[in-house]
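What follows is a set of notes on a single structure, which appears directly below.
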Amino acid sequence: MAFLDVQDLKLHYGTRDGAVRAVDGVSFTLGEKGEAVGIVGESGSGKSSLAISLMRLLPSNVVLAEGKAYLGGRDILSLPSEQFRKEIRWQVMAMVVQGSMNSLNPVLRVGGQITERLLLDGGVSKKEANARAEELLELVGLPKEILQRYPHELSGGMKQRVAIAMALVMSPQMLILDEPTSALDVSVQAQVMNLLKRLKRDRGLSMLFITHDIALASDICDRILVSYAGEHVEAGSIEQVLTEPKHPYTQKLISSIPRLHDQTKPDFLSGQPPNMAEPPSGCRFHPRCPRAFEPCSEKPPPEFVVAEGHTVRCWLYAEETQSQA
């Protein structure tokens, strides 16, 4: 049984222009503990909305939130809110939010922010909570003196490590990481990625790694889900998606990555993501697709299996998969 099994997840926001279909029928699994699954795609493809759906941190303008998400066999989206808060959020599944460096309270010391959840729901003394905070700072490579500092006294990389320590305070089995290195310079980014890889290896943490950078995802993820306009258009192992990308959108993402030992220039994707209040008919990528043909603008493509564990939503593979059958 999969550790996390998400089925037909939808999240629509209400706006003056109509309902924005941020997540529109997404299904995927996180197979086992210690696996890292990457969700990659442009801004506006629904990656962060997927994360807040799973954490049930929904804004007030949500007009549709439905689907199922089984975590360890329990449908966590159907649990009462208070039960989810006490038994799932931070206890089993925690999140490092996008822009987490700016999510720290500027008027509270770091130690108080790390221990807050422990003192609230952990049933431990203040002394035990402080000892746990020191242990977590050591784990993420920071000295215990950081506990007495305010967030403005820390560098960007240090604040990101504090945010990761806060997410680990209740010893969750899974982390959702939403663009965890987007505001960091390259050297600090590498340090944070090495930290995440150690947590995955040594603690068996499962991870949902959300990023716009497919090259970065390849550094830690076992599988990749490619997100476009609220849907997952391709899914497979890291080797399948990087070495044999099938969907034209995935191919464009990979071809945009600069190469050190290749004279080929990066190829950029033209056009803009669609307006999700009025998404295109048929395949949502077809207005930007260099390989679009007749059915693409008429019918949404189903999920085609192109290899074991490798699926793609693209009409280019309809005949290929039928001949294999």
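The values are calculated or read from the model by the stated rules, or taken from the named source; none is laboratory data. Note that the coordinates shown come from a computational prediction; the quantities given were computed from them, not determined experimentally. Cβ coordinates were reconstructed from backbone atoms using ideal geometry, including for glycine residues, and neighbour counts include every protein chain displayed. Quick note on the areas: whole protein, heavy atoms, side chains included, nothing else; ligands and nucleic acids left out. Shrake-Rupley method; radii C 1.70, N 1.55, O 1.52, S 1.80 Å.
Here are the numbers for this structure:
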| item | result |
| --- | --- |
| Mean Cβ neighbour count within 10 Å, used as a protection proxy, ranking 216-222, 199-205 highest first | 216-222, 199-205 |
| Centre separation in Å (Cα based) which lies between region 1-35 and region 41-62 | 9 |
| Apportionment of accessible area to carbon and sulfur, region 241-314, percent (1.4 Å) | 51 |
| Anchor residue 68: aspartates and glutamates whose Cα lies under 15 Å away (excluding residues fewer than 8 positions away in-chain) | 5, 8, 24 |
| Computed E for residue 8/residue 120 - FRET, C-beta separation, R0 51 angstrom, nearest 0.05 | 0.90 |
| Angle between the chain longest axis and helix 156-167 axis [Cα atoms, degrees, rounded to 10] | 80 |
| Overall Cα dimensions of region 1-99 - principal axes, largest extent first, Å | 40, 31, 27 |
| Too-long pairs where the Cα-Cα distance tops 23 Å, listed order kept, from 159/252; 10/299; 10/47; 10/33 | 159/252; 10/33 |
| Protein accessible area in region 1-113, 1.4 Å probe - carbon and sulfur % | 49 |
| Integer Hz, Karplus 6.51/-1.76/1.60 couplings in order for region 264-275, x for Gly and Pro | 5, 7, x, 10, 9, 7, 7, x, 10, x, x, 6 |
| Heavy-atom surface of the chain, accessible at 1.4 Å and reported per residue (Å²) | 48 |
| Carbon/sulfur fraction of accessible area - region 117-233, other protein chains in place, 1.4 Å, % | 48 |
| Table column - 3J(HN,Hα) (Hz), region 189-199, Karplus curve with 6.51, -1.76, 1.60, x for Gly and Pro | 4, 5, 5, 5, 5, 5, 4, 4, 5, 5, 4 |
| Rounded to 10°, Cα long-axis angle of helix 126-139 versus longest principal axis of the chain | 50 |
| Alpha carbon centroid spacing (whole Å) that separates region 143-208 from region 71-87 | 25 |
| Phi-based couplings in Hz for region 39-56 (Karplus 6.51, -1.76, 1.60; Gly and Pro marked x) | 10, 10, x, 5, 4, x, 8, x, 5, 5, 5, 4, 4, 6, 5, 5, 7, 6 |
| Where labels lie 7 Å past Cα in the beta-carbon direction, separation of residue 78 and residue 66 in nm | 1.4 |
